[in-house]
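The values are calculated or read from the model by the stated rules, or taken from the named source; none is laboratory data. None of the values given here were measured: they were computed from a predicted structure. FYI the Cβ positions are ideal-geometry reconstructions off the backbone, even for glycines, and counts take in every protein chain you see. Note: areas computed on protein heavy atoms with side chains; ligands, DNA, RNA excluded. Shrake-Rupley method; radii C 1.70, N 1.55, O 1.52, S 1.80 Å.
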Amino acid sequence: MLAAFATVLAGLVATTAPVEAKDSGCGRTNDSVRKLLECVTLDGVLEHEEAFAAIADANGGNRAAGSPGYEASADYVEDRLTRAGYVVTRQTFNVFSWEEAGPSALEQTSPDVVSYVEDTDFAATTHSEPGDVTAAVTPVDLMLGLGNTSTSGCEASDFAGFPAGTIALIQRGTCTFELKAENAAAAGASAVLFFNQGNTADAGRQGIPAVTLGNDYTADLPALNATYALGAELAGIPDLEMRLFANVTRTPTTTENVIAESRRGDPADVIMAGAHLDSVPEGPGINDNGSGSSALIEVAEQIAKLKLPNRLRFAWWGAEEAGLVGSTYYVNNLSDDGLAAIEMYLNFDMVGSPNYGLFIYDGDGSGFGLVGPDGSDEIEALFERYYAERGIPSEPTAFSGRSDYQAFINNGVPSGGLFTGAEGVKTPAQAEKWGGVAGVAYDPCYHSACDGIDNLSHEALDINADAIAYVVYLYASRREAINAE
Ligand SMILES: [Zn+2]
């Protein structure tokens, strides 16, 4: 398949008559791909990043789902894309708006009296319900130590004999925090104290886990997240009683996806590219995911006036951080014809990490064994080609289910995209390849207040904005379907 595609592509680049660029920023007509890439600039991307940073500053420091910061971000995208000539719609859906109302608390009340430190030892679990509970603590099916394969709280049987009214002490691992908490509630727990898995020495598996309960969480329990070290320590204390205070609010509200569609091109042949627009409540989300959102605006603006055979559809998703809510809602509400018309979905979630890696979603499963729907391998190959043509090393990254491609993959849509790394730690070999610092997270400010305008690699943003333009343009220009027999 790849080989055939490569030949076709070469033909396309070399021989296809250049697409007329009518009074777009591109202007010249000779080599469309190269011309477009000249027009897609780092400054163009940063203009939007600065707008999102200013929006966060003006709205309590975040652009989370259901917040005024998100609303202003959506207004900004709508305004830019409308002025660029796209048909823009806003798709509304229900979501919980979650935020911290003040300092939470975690205390040991017996056998000793100890107060733990917020944001050092513990933090409120995103989408926890509010609550202040003092009770005995019951460990649930824990498996401590490096290399552990914890399934704590994943099975109802883990709660056999669980004393109702106590606080469940649950370890990260294997299943979602939502499932663990729903199981704890069903067993009569009064609250949940989660702690990190500790299966590796990486900070991401030792520190306070940046894990949410998600938008679909229905149990009424307060919950806090603690470090692995604290969890393991508490697990060893007999007759432990604690106070757990989740000082948060969780309010049902609505939010939106922003969808921008080109006016030309075959509506039965849609090239779709998306990026989530929301941040976590903890910070402005300028890398996660102002970077993907901004790169898409820049590409959409620079490609807007080109006459392309296929239809272009860009999406800025709402409530990704609450559990891929907006993209899932979008796909679940497509008609059969609507779904069939989408030839592929390209996802861009974090494309400017400060200590970046250049990762491509592993469509053919060669790296991680998770193969995408038929055609995803071609998308991966085209991104690989973009980097290889420029002598830039890249690596595959798994379809881990942690971003907005998931609903598309679940419905058989060929998918792909780019990622520059989150809490994962850069290896010495990767530092050799891309520079940066080995032993440090790709994004040390992941899901934090410091994910601001200075938390970007301009180099990665520049490379990846062009990569996005390259792939979007080539697929929008191509007449045969991605997995044509
Ligand atoms: Zn993200």
Assess whether Val133 counts as being within 23 Å of Ala101 (Cα to Cα), of a type in the set (A, V, I, L, M, F, W, C) and open to solvent by 20 Å² or more (accessible area, probe 1.4 Å).
yes
Any idea how many residues of the range 346-366 are more than 16 Å from the ligand (Cβ to nearest atom) and closer than 19 Å to Val45 by Cα?
2
Tell me yes or no: at least one residue of the range 45-55 is assigned by TED's automatic domain parsing to the domain that holds Tyr329, among the acidic types (Asp, Glu), closer than 23 Å to Val248 by Cβ and out of contact with any helix residue (DSSP H, G or I) (no Cβ under 6 Å at 6 or more places or on another chain).
no
Inside the range 143-166, can you point out the residues that are among the aliphatic types (A, V, I, L, M), more than 29 Å from the chain's Cα centre (by Cα) and under 19 Å from Leu179 (Cβ atoms)?
Ala156, Ala160
Could you please give the count of residues in the range 34-46 that are in contact (Cβ under 8 Å) with a residue 60 or more places away in the chain and either open to solvent by 30 Å² or more (accessible area, probe 1.4 Å) or β-branched (Val, Ile, Thr) (or both)?
4
For the range 167-218: of the residues being touching a strand residue (DSSP E or B) at 6+ places or on another chain (Cβ under 6 Å), among the hydrophobic types (A, V, I, L, M, F, W, C) and in a loop (DSSP other than H, G, I, E, B), which is most open to solvent (accessible area, probe 1.4 Å)?
Ile208
Which strands (runs of 3 or more DSSP E) sit wholly inside the range 245-341 and have at least 1 residues that are crowded, with 24+ Cβ neighbours inside 10 Å and within 13 Å of the ligand (Cβ to nearest atom)?
266-276, 310-317
Evaluate the range 384-397: report whether one residue or more is under 19 Å from the mean Cα position of the chain (by Cα) and within 23 Å of Thr212 (Cα to Cα).
yes
For the condition part of a loop (DSSP other than H, G, I, E, B) and open to solvent by less than 40 Å² (accessible area, probe 1.4 Å), what is the one hit in Gly85, Gly161, Gly147?
Gly85
Considering only the range 342-366, how many residues are open to solvent by 40 Å² or more (accessible area, probe 1.4 Å) and either small (Gly, Ala, Ser) or under 15 Å from Gly417 (Cβ atoms) (or both)?
2
Which ones in the range 391-432 are in contact (Cβ under 8 Å) with a residue 60 or more places away in the chain, away from the ligand (no atom under 16 Å from the Cβ) and among the charged types (D, E, K, R)?
Lys426
Just the residues that are surrounded by 15 or more Cβ atoms within 10 Å (Cβ to Cβ) and either assigned to a loop (DSSP other than H, G, I, E, B) or more than 31 Å from the chain's Cα centre (by Cα) (or both), please, taken from the range 110-130.
Tyr116, Asp121, Thr125, Thr126, His127, Ser128, Glu129, Pro130
